[in-house]
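So the structure is just underneath, and the comments pick up after that.
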Amino acid sequence: MIPLLPTELRTPRLLLRPPHPGDAAALHAAVQASLPELRRWMVWAQDPLDLAGTVENLTRAAAAYAAGENLRLHVWSADGRDFIGSSGYHALDWRVPKGEIGYWIATGHAGQGYATEVAGALTDFALRPQGEGGLGFRRLEIRTDARNGRSARIPRALGYTLDATLKNDAVAADDPSQLRDTLVFSRVR
(Lines give C-alpha, C1' and ligand atoms only; values in the text may rest on other atoms or scores of the structure.)
Protein backbone atom coordinates (compact mmCIF):
# COMPACT_ATOMS: atom_id res chain seq x y z
CA MET A 1 0.00 0.00 0.00
CA ILE A 2 1.32 3.42 -0.95
CA PRO A 3 1.58 5.74 2.06
CA LEU A 4 0.63 9.39 2.11
CA LEU A 5 3.36 11.15 0.12
CA PRO A 6 4.87 14.38 1.43
CA THR A 7 4.41 17.70 -0.31
CA GLU A 8 7.83 18.72 1.02
CA LEU A 9 10.72 17.59 3.19
CA ARG A 10 13.13 19.96 4.92
CA THR A 11 16.66 19.75 6.20
CA PRO A 12 18.47 22.59 7.98
CA ARG A 13 19.69 23.99 4.64
CA LEU A 14 17.34 22.55 2.04
CA LEU A 15 13.77 22.20 0.80
CA LEU A 16 12.87 19.03 -1.10
CA ARG A 17 9.60 18.99 -2.98
CA PRO A 18 7.98 17.12 -5.87
CA PRO A 19 8.62 18.42 -9.38
CA HIS A 20 6.31 20.97 -10.95
CA PRO A 21 6.26 22.23 -14.56
CA GLY A 22 6.97 25.70 -13.16
CA ASP A 23 10.44 24.43 -12.17
CA ALA A 24 11.42 24.05 -15.83
CA ALA A 25 13.50 27.21 -16.24
CA ALA A 26 15.50 26.60 -13.05
CA LEU A 27 16.01 22.90 -13.81
CA HIS A 28 16.96 23.53 -17.42
CA ALA A 29 19.52 26.19 -16.44
CA ALA A 30 21.05 23.92 -13.77
CA VAL A 31 21.32 20.99 -16.18
CA GLN A 32 22.89 23.13 -18.92
CA ALA A 33 25.45 24.59 -16.49
CA SER A 34 26.24 21.11 -15.13
CA LEU A 35 26.49 19.13 -18.39
CA PRO A 36 30.27 18.57 -18.29
CA GLU A 37 29.95 16.76 -14.94
CA LEU A 38 26.55 15.15 -15.56
CA ARG A 39 27.58 13.61 -18.87
CA ARG A 40 30.22 11.49 -17.12
CA TRP A 41 27.61 9.69 -15.03
CA MET A 42 24.05 10.22 -16.36
CA VAL A 43 22.73 8.63 -19.54
CA TRP A 44 19.95 11.22 -19.80
CA ALA A 45 22.54 14.04 -19.90
CA GLN A 46 23.96 12.78 -23.21
CA ASP A 47 20.98 14.32 -25.04
CA PRO A 48 19.58 16.98 -22.69
CA LEU A 49 16.08 18.31 -23.13
CA ASP A 50 15.30 21.78 -24.41
CA LEU A 51 13.07 24.01 -22.28
CA ALA A 52 9.82 22.73 -23.83
CA GLY A 53 10.97 19.14 -23.33
CA THR A 54 11.83 19.96 -19.71
CA VAL A 55 8.28 21.25 -19.13
CA GLU A 56 6.85 18.05 -20.61
CA ASN A 57 9.24 15.91 -18.53
CA LEU A 58 8.22 17.73 -15.35
CA THR A 59 4.53 17.29 -16.15
CA ARG A 60 5.07 13.52 -16.42
CA ALA A 61 7.27 13.50 -13.29
CA ALA A 62 4.58 15.31 -11.26
CA ALA A 63 1.97 12.76 -12.39
CA ALA A 64 4.30 9.84 -11.54
CA TYR A 65 4.89 11.33 -8.09
CA ALA A 66 1.16 11.72 -7.44
CA ALA A 67 0.62 8.09 -8.49
CA GLY A 68 3.48 6.84 -6.28
CA GLU A 69 5.29 5.38 -9.29
CA ASN A 70 8.50 7.43 -9.11
CA LEU A 71 9.15 9.88 -6.28
CA ARG A 72 11.42 12.47 -7.83
CA LEU A 73 12.16 15.44 -5.60
CA HIS A 74 13.77 18.73 -6.52
CA VAL A 75 16.29 20.17 -4.12
CA TRP A 76 16.07 23.90 -3.38
CA SER A 77 17.74 26.23 -0.93
CA ALA A 78 15.76 26.42 2.34
CA ASP A 79 14.05 29.63 1.18
CA GLY A 80 12.99 27.96 -2.09
CA ARG A 81 14.83 30.42 -4.32
CA ASP A 82 17.89 28.55 -5.59
CA PHE A 83 17.66 25.25 -7.46
CA ILE A 84 20.33 22.94 -6.00
CA GLY A 85 19.69 19.58 -7.70
CA SER A 86 17.43 16.59 -7.98
CA SER A 87 16.98 13.41 -5.98
CA GLY A 88 14.22 11.04 -4.97
CA TYR A 89 13.16 7.44 -4.78
CA HIS A 90 13.23 5.25 -7.88
CA ALA A 91 12.86 1.54 -8.72
CA LEU A 92 9.98 1.38 -6.24
CA ASP A 93 8.36 -1.88 -5.16
CA TRP A 94 5.57 -1.09 -2.70
CA ARG A 95 4.98 -4.82 -2.03
CA VAL A 96 8.24 -5.11 -0.04
CA PRO A 97 8.36 -1.98 0.27
CA LYS A 98 11.69 -0.82 -1.14
CA GLY A 99 13.29 1.72 -3.43
CA GLU A 100 16.50 3.30 -4.59
CA ILE A 101 17.80 6.82 -3.95
CA GLY A 102 19.29 8.71 -6.88
CA TYR A 103 20.79 12.20 -6.74
CA TRP A 104 22.66 14.89 -8.61
CA ILE A 105 23.72 18.33 -7.47
CA ALA A 106 24.19 21.25 -9.85
CA THR A 107 27.87 21.93 -10.44
CA GLY A 108 27.64 25.41 -8.91
CA HIS A 109 26.52 23.87 -5.61
CA ALA A 110 28.78 20.78 -5.60
CA GLY A 111 31.25 20.13 -2.81
CA GLN A 112 29.08 21.62 -0.05
CA GLY A 113 27.69 18.37 1.36
CA TYR A 114 24.24 18.80 -0.19
CA ALA A 115 24.08 15.30 -1.72
CA THR A 116 24.92 13.70 1.63
CA GLU A 117 22.39 15.92 3.41
CA VAL A 118 19.68 15.03 0.89
CA ALA A 119 20.44 11.30 0.86
CA GLY A 120 20.53 11.27 4.68
CA ALA A 121 17.13 12.95 4.95
CA LEU A 122 15.64 10.65 2.32
CA THR A 123 17.12 7.60 4.06
CA ASP A 124 15.64 8.58 7.41
CA PHE A 125 12.23 9.34 5.89
CA ALA A 126 12.12 6.14 3.82
CA LEU A 127 13.07 3.80 6.66
CA ARG A 128 10.79 5.43 9.25
CA PRO A 129 7.65 3.28 9.75
CA GLN A 130 4.47 4.56 8.12
CA GLY A 131 2.83 4.84 11.53
CA GLU A 132 5.56 7.32 12.48
CA GLY A 133 5.14 9.46 9.35
CA GLY A 134 7.65 7.76 7.07
CA LEU A 135 7.43 5.59 3.97
CA GLY A 136 8.01 2.36 5.90
CA PHE A 137 10.59 0.95 3.48
CA ARG A 138 12.22 -2.32 4.51
CA ARG A 139 15.08 -1.92 2.01
CA LEU A 140 16.70 1.16 0.50
CA GLU A 141 19.49 1.12 -2.08
CA ILE A 142 21.98 3.55 -3.55
CA ARG A 143 23.71 2.39 -6.75
CA THR A 144 26.76 4.07 -8.20
CA ASP A 145 29.21 3.58 -11.03
CA ALA A 146 32.28 2.04 -9.39
CA ARG A 147 34.42 4.83 -10.91
CA ASN A 148 32.34 7.57 -9.23
CA GLY A 149 34.21 7.84 -5.95
CA ARG A 150 32.42 11.04 -4.84
CA SER A 151 29.04 9.40 -5.21
CA ALA A 152 30.15 6.17 -3.50
CA ARG A 153 31.33 8.10 -0.42
CA ILE A 154 27.75 9.17 0.32
CA PRO A 155 26.19 5.79 1.16
CA ARG A 156 29.29 4.83 3.12
CA ALA A 157 29.01 8.03 5.18
CA LEU A 158 25.34 7.25 5.87
CA GLY A 159 25.95 3.75 7.20
CA TYR A 160 24.92 1.80 4.10
CA THR A 161 26.42 -1.63 3.52
CA LEU A 162 28.09 -2.52 0.23
CA ASP A 163 26.00 -5.53 -0.84
CA ALA A 164 27.60 -6.18 -4.20
CA THR A 165 29.85 -5.08 -6.99
CA LEU A 166 28.02 -6.00 -10.17
CA LYS A 167 30.76 -6.62 -12.75
CA ASN A 168 30.11 -5.40 -16.31
CA ASP A 169 26.62 -4.35 -15.19
CA ALA A 170 26.20 -1.25 -17.35
CA VAL A 171 27.76 0.78 -20.10
CA ALA A 172 29.48 4.05 -19.36
CA ALA A 173 27.06 6.96 -19.66
CA ASP A 174 29.52 8.93 -21.77
CA ASP A 175 30.87 6.01 -23.84
CA PRO A 176 28.51 3.08 -24.47
CA SER A 177 31.41 1.03 -25.86
CA GLN A 178 32.87 0.79 -22.33
CA LEU A 179 31.46 -1.56 -19.68
CA ARG A 180 31.18 -0.41 -16.07
CA ASP A 181 30.78 -2.04 -12.69
CA THR A 182 27.95 -0.97 -10.40
CA LEU A 183 28.26 -0.72 -6.62
CA VAL A 184 25.04 -1.63 -4.77
CA PHE A 185 24.73 -0.23 -1.24
CA SER A 186 21.77 -0.85 1.04
CA ARG A 187 20.17 -0.04 4.36
CA VAL A 188 17.41 -2.26 5.71
CA ARG A 189 14.89 -2.14 8.51
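The values are calculated or read from the model by the stated rules, or taken from the named source; none is laboratory data. Just so it is clear, the structure is predicted and the values come from calculations on it, not from any experiment. Glycine gets a Cβ as well: all are built from the backbone with ideal geometry, and neighbour counts include every protein chain shown. Only protein heavy atoms, including side chains, enter the accessible area calculation; ligands, DNA and RNA are left aside. Shrake-Rupley method; radii C 1.70, N 1.55, O 1.52, S 1.80 Å.
Could you tell me how many of the residues in the range 86-132 are modelled with pLDDT under 95 and touching a Leu at 6+ places or on another chain (Cβ under 9 Å)?
Here the count works out to 1.
I want to confirm something. Restricting to the range 162-189 and keeping residues that are of a type in the set (Val, Ile, Thr) and touching a Lys or Arg at 6+ places or on another chain (Cβ under 7 Å), which single residue is farthest from Thr107 (Cα to Cα)?
Here the residue is Val188.
Here are some residues: Leu38, Leu15. Which one is touching a Phe, Trp or Tyr at 6+ places or on another chain (Cβ under 9 Å) and not in a helix (DSSP H, G or I)?
Leu15
Working only within the range 68-92, note down all residues that are open to solvent by 50 Å² or more (accessible area, probe 1.4 Å) and either farther than 17 Å from Met42 by Cα or touching a Phe, Trp or Tyr at 6+ places or on another chain (Cβ under 9 Å) (or both).
Glu69, Asn70, Asp79, Arg81, Asp82
Please state which one of Thr161, Thr144, Thr165 is at pLDDT 95 or above and surrounded by 15 or more Cβ atoms within 10 Å (Cβ to Cβ).
Result of the check over Thr161, Thr144, Thr165: Thr144.
Which ones in the range 95-118 are in contact with a helix residue (DSSP H, G or I) (Cβ under 8 Å, 6 or more places away or on another chain), surrounded by fewer than 19 Cβ atoms within 10 Å (Cβ to Cβ) and more than 15 Å from Met42 (Cβ to Cβ)?
Selection gives Gly108, Thr116.
Does Ala67 qualify as being touching a helix residue (DSSP H, G or I) at 6+ places or on another chain (Cβ under 6 Å) and without any contact (Cβ under 8 Å) to a residue 40 or more places away in the chain?
no
Can you pull out the residues in the range 26-63 that are free of Cβ contacts under 8 Å to residues at least 40 places away in the same chain, closer than 23 Å to Gly80 by Cα, aliphatic (A, V, I, L, M) and open to solvent by 20 Å² or more (accessible area, probe 1.4 Å)?
Leu51, Ala52, Val55, Ala63
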